[in-house]
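Read through the structure below, which is laid out as structure tokens, and then see the notes.
The values are calculated or read from the model by the stated rules, or taken from the named source; none is laboratory data. As the structure is a computational prediction, the values presented were derived from the model and not from experiment. With ideal geometry, Cβ positions are generated from the backbone for all residues, glycine too; neighbour counts draw on all protein chains shown. Remember, those area values only see protein heavy atoms, side chains included, never the ligands or the DNA or RNA. Shrake-Rupley method; radii C 1.70, N 1.55, O 1.52, S 1.80 Å.
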Amino acid sequence: MMQHGFDNSDAAGGGGDAGHDLEFATSVDGSVQQNVPLPPPPPTNNVLSSMTAAAGASANPPYASYSSAAPAPSASSYAPSALPSCLQFNNSDHPAACLFHVLFKGLALLLYSLGSKAMEDILVTVLCIILLAADFWVVKNITGRLLVGLRWWNRVDPVTGNTSWIFESASPSSPDVHVETNTFDYKFFWSILYLTPVLWGVFSLSAVLFLKFNCFVTLGCALVLSSSNVYGYYKCSTDQKEKWNQWMNRGAEMGVSAMMRNGVFGW
């Protein structure tokens, strides 16, 4: 061991007692070895190590096997069913006219069927007549002209006072009028026009059978107004006249053939 001494009296200029001297000692231990390699770890149980590794792999699966971006969900194969063609107003050239062609009719029928449960009969009668009058005016002056190119109206002679009924048809074959009737509009107009008096006729028959005398005013107005539009547009349309004649002839032929099969004439 190596020692170094330092006398305080020498630093102070040589004076002073020897008992007040400070001594610093340093020592270096040469037995400590540096840069010595670490001993190998003690052997472990191979079975225990494999079990621990397997447990860790099952708890935390390797992320390398997963894609960084999740696959996009496949598009659903469900497609909503389309509405019936008779309710698809997008096939019409005049969807607003189609709506009003059936709107007041539907409201009048609904009010007649269910209105008596919520209000008095007289109020139901008044509201139904208002709706029926509105429907008659709309069909006569707007929807028939827009959907099928037909119009019927009356003219009063100011001199004689006589009333003349005028039935007009804008035929596509006319050289001065170019009107192309949409197939959807054509079928929708005539189907609703013919169906309306049939429904009111069923209600009228039911009212007669059950003796609902308070409904006769409403049903009478409904039958007169709806039948008037049917007759007016029938007179306007040459095509409808031809179809009506075909239906009558076909019905007559079916009736005659049925009677011949049943031996009504003794054949």
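Remarks
- Here the condition is being more than 39 Å from the chain's Cα centre (by Cα), surrounded by 10 or more Cβ atoms within 10 Å (Cβ to Cβ) and either farther than 20 Å from L195 by Cβ or modelled with pLDDT of 75 or more (or both); of V256, V224, it holds for V256 alone.
- Residues located in region 197-211, provided they are touching a residue at least 12 places away in the same chain (Cβ under 8 Å) and over 18 Å from L131 (Cα atoms): A207
- Region 148-173, subset polar (S, T, N, Q) and within 14 Å of S237 (Cα to Cα), residue modelled with the lowest pLDDT: S173
- Restricting attention to region 217-238, the residues that are in contact with a helix residue (DSSP H, G or I) (Cβ under 7 Å, 6 or more places away or on another chain) and either without any contact (Cβ under 8 Å) to a residue 12 or more places away in the chain or on the phi > 0 side of the Ramachandran plot (or both) add up to 1.
- Residue, nearest to W200 (Cα to Cα), within region 95-109, restricted to residues that are open to solvent by less than 60 Å² (accessible area, probe 1.4 Å) and in contact (Cβ under 8 Å) with a residue 40 or more places away in the chain: L109
- Residues of region 135-167 that turn out to be touching a residue at least 12 places away in the same chain (Cβ under 8 Å), open to solvent by 60 Å² or more (accessible area, probe 1.4 Å) and not in a helix (DSSP H, G or I), as a count: 5
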